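Colleague: I am attaching a structure below and will ask some questions about it afterwards.
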Amino acid sequence: RRRALESFKDKPTLTRDGHWVALLANVGNLNDITQVAAAGADGIGLFRTEFMLMNAQSLPDEKAQYSLYCDALHALQGKIFTIRTLDIGADKELPCLQLPQEDNPALGLRGIRYALAHPELLTTQLRAILRAANHGPIRLMFPMVNQLEELEQVFKLLEDCKTALNEEEKGYGDLSFGIVVETPAAVLNLPSMLPLLDFVSIGTNDLTQYAMAADRSNPQLSRDFPALSPAVLKLIQMTITAAKQAKVTVSLCGEFGSDPAIVPLLIGMGLDELSINLSSLLEVKSTLCNGRFCDFRALAQSALSMDRIDTLKQCITSYK
Ligand code: PEP
Ligand code: MG
């Protein structure tokens, strides 16, 4: 079976009726990044940069980050490279930063809120990324953005970084921009933000947590938490519809994308890309290559009419 899966490595992710999907990888370090091309992925859809901080004494400085991003570009040889800026807070605790004590950290200073409250961290990262973009294509994505003002603040910081780099006569390159859509507010506010964006990526781990008011790391909820619910499915559908209308690329980087049972439904809903764990890549690719997009679309249509978690599950498992 492993050998049969291996045969998909060098094939494009094309359904039997000719629908192509970009299959990307979720990664957390340079070691993963160097495996992406050989694993048969079209690039990286999510580089979780806060992983650089997990075992570090402090945040790598601009030079160290610049060289990491350049090494990644070199390993990727022009394949898609999507960097997510530091997603700090909540379940992503980092020993080297003294995070404030909060009663509800998942509802607190996390993601882009933390970054905007600590612009020195974000500025260091943005400068390193802008400079690395001089050596290859980079897509930059911001976590936990709820609304337009946050995006405007980030773009203002980016402009300030460019001005400073110009003054220092340091080269930098163009970036494409996206957000992780991972709160219900982001879904509802998306039409106002799409004009500023080149792509969006649906973060179903947090989108589920915030839509269902269910802590993603609470073991007492773990039986229900991974379940795809009709409410979350509707939020995914709203995001895809809005992005398509605005002609913005739409991806998904949550764990649902790494589940071969759920992938036909997700692709049938119209995603352009899927970003998944390297360990699931070949299985997901073979599922897509062995199926037909017209069947995925029919599955999506019936799944979207389900109003119960259990019937939605039955609908998903009925596809084979
Ligand atoms: C998500 O929230 O779905 C996501 C992809 O990001 P993370 O799991 O890093 O929060
Ligand atoms: Mg998230």
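A short reminder: the numbers here are calculations on the coordinates, not readings from a lab. Computed from a prediction, not measured in an experiment: that's the story for all the values here. Backbone-built Cβ (ideal geometry, glycine too); neighbour counts: all protein chains shown.
Colleague: How large is ³J(HN,Hα), in whole Hz, for each residue of the stretch 253-261 in order, when computed from phi with the Karplus curve 6.51 cos²θ - 1.76 cosθ + 1.60 and θ = phi - 60°, using x for Gly and Pro?
Modeller: 10, x, 5, 4, x, 8, 9, x, 6
Colleague: Using Cα-Cα distances under 8 Å and only pairs 6 or more residues apart, what relative contact order does the stretch 1-155 have, in percent?
Modeller: Relative contact order comes out at 22 percent.
Colleague: Out of the DSSP beta bridges found with both residues in the chain, what percent are antiparallel (nearest 5)?
Modeller: Looking only at bridges with both residues in the chain, the antiparallel portion is about 5 percent.
Colleague: Could you work out the relative contact order of the chain? I mean the mean sequence separation of Cα pairs under 8 Å and 6+ apart, divided by the number of residues, in percent.
Modeller: 19 percent
Colleague: Further question: Aspartates and glutamates near LYS320 by alpha-carbon distance under 19 Å, same-chain residues fewer than 8 away left out - which ones?
Modeller: Within the straight-line cut-off, LYS320 pairs with ASP17, ASP259, GLU283, ASP295, ASP310.
Colleague: Could you sort the peptides 69-77, 199-207, 111-119 by per-residue average Cβ neighbour count (10 Å cutoff), highest mean leading?
Modeller: 199-207, 111-119, 69-77
Colleague: Now for a separate question. Report, in debye and to the nearest 20, how large the dipole of the stretch 216-307 comes out about its Cα centre when Lys and Arg carry +1 and Asp and Glu carry -1 on their Cβ.
Modeller: About 200 debye.
Colleague: Specify the angular offset, from 0 to 90 degrees and rounded to the nearest 10, of the alpha carbon long axis of helix 30-39 from the longest principal axis of the alpha carbons in the chain.
Modeller: 40 degrees
Colleague: For n ≥ 4 DSSP H runs only, could you compute -39500 (n - 2.57) per run for the chain, divide by its residues and tell me the 222 nm figure to the nearest 500?
Modeller: Per the formula, -13500 deg cm²/dmol.
Colleague: Quick one: helix 62-76 against the long Cα principal axis of the chain, what's the angle to the nearest 10°, folded into 0 to 90?
Modeller: The two axes meet at around 40 degrees.
Colleague: Less than 15 Å Cβ to Cβ from ASP259, Lys/Arg counted +1 and Asp/Glu -1: what total charge do the surrounding residues give?
Modeller: +1
Colleague: Where a Cα-Cα gap under 17 Å defines reach, which lysines qualify for LYS63, not counting those fewer than 8 residues away within the same chain?
Modeller: Straight-line reach from LYS63, under 17 Å: LYS162, LYS170.
Colleague: Between beta-carbons, use under 11 Å as the cut-off and find the net charge around THR287, counting Lys and Arg +1, Asp and Glu -1.
Modeller: Neighbourhood net charge equals 0.
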